[in-house]
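The values are calculated or read from the model by the stated rules, or taken from the named source; none is laboratory data. None of these values were measured; they are calculated from a predicted model. Ideal geometry is used to build each Cβ from the backbone, glycine not excepted, and the neighbour counts take in all protein chains shown.
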Amino acid sequence: MKRFFLAIFTCWLVGAGAAKAQIRVGSINIDSLDIQYIELIGFNRSTWEASVWIDFGRNYTTTKSSEFLKPVNDHEGVRFASVVEALNYIYKNGWELVNVYIPSPDSPRHYVLQRRNRAVKRID
């Protein structure tokens, strides 16, 4: 019986270690969608925290519930310290920056990103 539980525990550890980071907006994993471009909208709120949203073609809103947060696990998210940290996270997950624009002087920056390659390995 101990061997059975040890085998189950070992399989769980291997599976947990092999898990990949995903870019999730709310409950939607955008890495699994058939899209080529996304737009990251963000601004640094203070020296410790940024607000970041991702528009992937489904009418984003700038509410807390639709904010893009770096996932810790399936149920929790952590805010990014800066917009650059969010851009680095997105890049590590297979997206590259194409363009940056500011629609008006008082609005946040908009970063247009393109999927690099479906074969790119996603990391934390």
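A few notes on this one:
- Residue in the range 41-59 that is within 19 Å of ILE102 (Cα to Cα), at pLDDT below 80, within 18 Å of the chain's Cα centre (by Cα) and assigned to a loop (DSSP other than H, G, I, E, B) present: yes
- Residues of the range 13-34 classified as within 17 Å of LYS92 (Cα to Cα) and modelled with pLDDT of 70 or more, total: 8
- Hits in the range 75-110 - residues which are touching a residue at least 24 places away in the same chain (Cβ under 8 Å) and either at positive phi or polar (S, T, N, Q) (or both): SER82, ASN93, GLY94
For (1) surrounded by fewer than 11 Cβ atoms within 10 Å (Cβ to Cβ); (2) out of contact with any Leu (no Cβ under 7 Å at 6 or more places or on another chain); (3) at pLDDT 90 or above, each residue gets a yes or a no:
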residue	(1), (2), (3)
GLU76	yes, yes, no
VAL84	no, yes, yes
ASN88	no, yes, yes
TYR91	no, yes, yes
TRP95	no, no, yes
ARG109	no, yes, yes
LEU113	no, no, yes
LYS121	yes, yes, no
ASP124	no, yes, no
